[in-house]
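Here the structure is laid out as C-alpha cells; the discussion comes afterwards.
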Amino acid sequence: MNAIRNEPGSPAEILTVGGKSYAFGLRWTSAAARSSLVGDAEAAARAEGANYVALHRGFNQFGLAAVRNVPPGIRGASYRPLVGAAAIADAAGAATLAAFPLEDGRCLVLAIDRKGILPDGDTVVADAAVARLRIEALIRQSPTSWRRKFVPADWGIPDSKSVSPQALLVRSRAPHLVSLWLLSNRRQVQIVLVSALAAICAIGAVLFKALTAPAPMVSLPFQPPKPITAAWTPAGLAIDRCLSAFRDAQRYIAVPGWPLGKYNCQGGEAVTLSFVRAAAGQISLLRAMAPAAQLSDDGRSAVLAFPLTGLARISAAAGFAPRQRYQLVGVDLAQRLNGAFTLQSTRRPLPGEATAASVNQSWAAFTWTYQTQAPAIVWAGALARLGSISLDTLTFTPIDNLWQLSGTLYAGN
C-alpha cells in the first residue's frame, strides 16, 4: 500500500473539541539541529506555500499547515489553533497508533513513534477502510514498535482498544500553530511589545511621581528639601532582555573552531559574546560567520558586541523594605536555588562624616551578587520579585554552566 501523505498546499483540518480548535493534517519534518528549528520551519513553509507552522521542541520537529478560512481582522491576528497530533502525543505518549472516525465519514490517522510524529503520521483519509489499511500496514512494518493502538473496536486488531479523541485531548498539552508572518517578523513584534511596555512604565512612573509629590507650602517662607529619589530599571525587565538576547546568540555556536566561552549582558542594554579559538579554529570562518567580531592582537580570542534598545526606568523616594528583610530573602533564595547571595553597602561613610542625606533620603543603596549553576528558568522569576532591585551585569559561562549576576538594591534606612 502506498503511503498516505499530505502534499504541499493540502489544507489542514480544523476540528473543534470541547470548545477548542485543533489542527490536524500537518506535514511533519525533523529539523537539522535544535538550534535551527525555527529557521528550518520558516524556510520550509515559504518553499511549500504553508501559512502556519507548528514547532514541537520536544521532538525537534516542525509541522507545516495550509489553513483556509482564517477569520478576518483582529480575530485572524490572534487565531492560533492547537496542534492536534502533538496533543495526542502528549496524552498517549510515543509509540502510538490511532484512528478516529469523523462525523462526515472520513477518518483521522495518527502515527507517533519514539522519535516523533511520522512525516505521514498526521492525516485525514477518505473513509474508515482506507484508515484501517494504513494502520494494518504500519503494524506489519513494525510489529513490536507500537505500545498503544487506539482504533475502533470492530476492527479486531489485537492489543488495541477504542478511545474517543475527546478523552485524550481534554487532558493534554500542545503547542499552538503560529502564522508564518508572525514567525518571520518575531523580532519586530518583540521590539514593538518592549517599546509599548517601556512607554507604559514611563507613563506609570510619571503618574506615580505626580501623585506622590508633596503639595507646595506656599504659606511658609522656607521650603524643606525635596526627598531624594532612587531611579532604576526593574531587574525583571533587564533579566528577560538579557536571556532573550542570549537565546538569539545561539546562532553563533555554530562557528567551527570558535566555541563561545562567555555571554555577558550589561543591564539589559548591551550584550558581549566572547569566543576562544580552538586548535583547529580558522580566523576566516569567524570573519565569514560573525564579521562584526573583534579579534584580539594574538588572534586567539574574539569579542562580538551589540547594543540593545533602552529599557524603562522607575523611581521612588520612599516605601522601601528594610535591609534585614532583603538579607533573609536572599539567604533563603540561595539555599533553595543552590547558589550564593551577598549584600553589602555601595559606600561606607568616612569617620566623622555627617549624615546630612538622612534628612531627605529615606533609602540606602546596596550592591548584591548572586552565583548559581541552576537553570535560568529556576531563579529568574524569583530574583525579579525580590523588590526594588536592578541588574547591572549578567554573565554565563557554558564550560561550567555558571550564572553570575550583580546589581543594586534599594532598602529603607
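Quick look at the numbers
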{"quantity": "Breaking point among (1) in contact with a helix residue (DSSP H, G or I) (Cβ under 8 Å, 6 or more places away or on another chain); (2) assigned to a helix (DSSP H, G or I); (3) under 24 Å from SER179 (Cα atoms), for LEU55", "calculated": "(2)"}
{"quantity": "ARG247 being within 30 Å of ASP40 (Cβ to Cβ), of a type in the set (D, E, K, R) and without any contact (Cβ under 8 Å) to a residue 12 or more places away in the chain", "calculated": "yes"}
{"quantity": "Members of the stretch 287-305 that are part of a loop (DSSP other than H, G, I, E, B) and surrounded by fewer than 11 Cβ atoms within 10 Å (Cβ to Cβ)", "calculated": "PRO291, ALA292, ASP297, ASP298"}
{"quantity": "Check on ALA43, farther than 30 Å from GLU136 by Cβ and either touching a residue at least 40 places away in the same chain (Cβ under 8 Å) or not basic (Lys, Arg) (or both)", "calculated": "yes"}
{"quantity": "Single unsatisfied condition, SER284 versus (1) part of a helix (DSSP H, G or I); (2) surrounded by 13 or more Cβ atoms within 10 Å (Cβ to Cβ); (3) polar (S, T, N, Q)", "calculated": "(2)"}
{"quantity": "Residue match in the stretch 302-315 (condition: aliphatic (A, V, I, L, M) and more than 30 Å from TRP368 (Cα to Cα))", "calculated": "no"}
{"quantity": "Out of ALA95, ALA66, sole residue that is in the same structural domain as GLY19 (by TED's automatic domain parsing), modelled with pLDDT of 90 or more and not hydroxyl-bearing (Ser, Thr, Tyr)", "calculated": "ALA95"}
{"quantity": "Cβ-Cβ under 8 Å pairs, at least 6 apart or on other chains, the stretch 133-145 side touching a residue at least 40 places away in the same chain (Cβ under 8 Å), far side surrounded by 12 or more Cβ atoms within 10 Å (Cβ to Cβ) and in a loop (DSSP other than H, G, I, E, B)", "calculated": "ARG134/ILE4; LEU138/TRP146; ILE139/TRP146; ILE139/ILE157; SER145/ALA95"}
{"quantity": "Selection from the stretch 144-183 of residues that are closer than 11 Å to ILE88 by Cβ and surrounded by 15 or more Cβ atoms within 10 Å (Cβ to Cβ)", "calculated": "ARG148, PHE150, VAL163, PRO165, LEU168, LEU169, SER172, ALA174"}
{"quantity": "Hits in the stretch 187-201 - residues which are surrounded by 13 or more Cβ atoms within 10 Å (Cβ to Cβ) and at pLDDT 65 or above", "calculated": "LEU197, CYS201"}
{"quantity": "Residue, farthest from PRO119 (Cα to Cα), within the stretch 54-69, restricted to residues that are in contact (Cβ under 8 Å) with a residue 60 or more places away in the chain and more than 17 Å from the chain's Cα centre (by Cα)", "calculated": "VAL67"}
{"quantity": "Considering residues of the stretch 139-162 that are modelled with pLDDT of 90 or more and under 36 Å from the mean Cα position of the chain (by Cα) only, the residue farthest from VAL109 (Cα to Cα)", "calculated": "ARG147"}
{"quantity": "The listed residue being of a type outside the set (A, V, I, L, M) and either under 14 Å from VAL255 (Cα atoms) or not assigned by TED's automatic domain parsing to the domain that holds ILE239 (or both), out of GLN282, GLN294, GLN324", "calculated": "GLN282"}
{"quantity": "Residue match in the stretch 16-23 (condition: of a type in the set (A, V, I, L, M, F, W, C) and at pLDDT 90 or above)", "calculated": "yes"}
{"quantity": "Tally, over the stretch 92-101, of residues that are farther than 19 Å from PHE62 by Cα and surrounded by fewer than 19 Cβ atoms within 10 Å (Cβ to Cβ)", "calculated": "1"}
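The values are calculated or read from the model by the stated rules, or taken from the named source; none is laboratory data. Keep in mind the model is a prediction, meaning the values are calculated, not measured. No Cβ is skipped: glycine too gets one built from the backbone with ideal geometry, and neighbour counts run over all protein chains shown.
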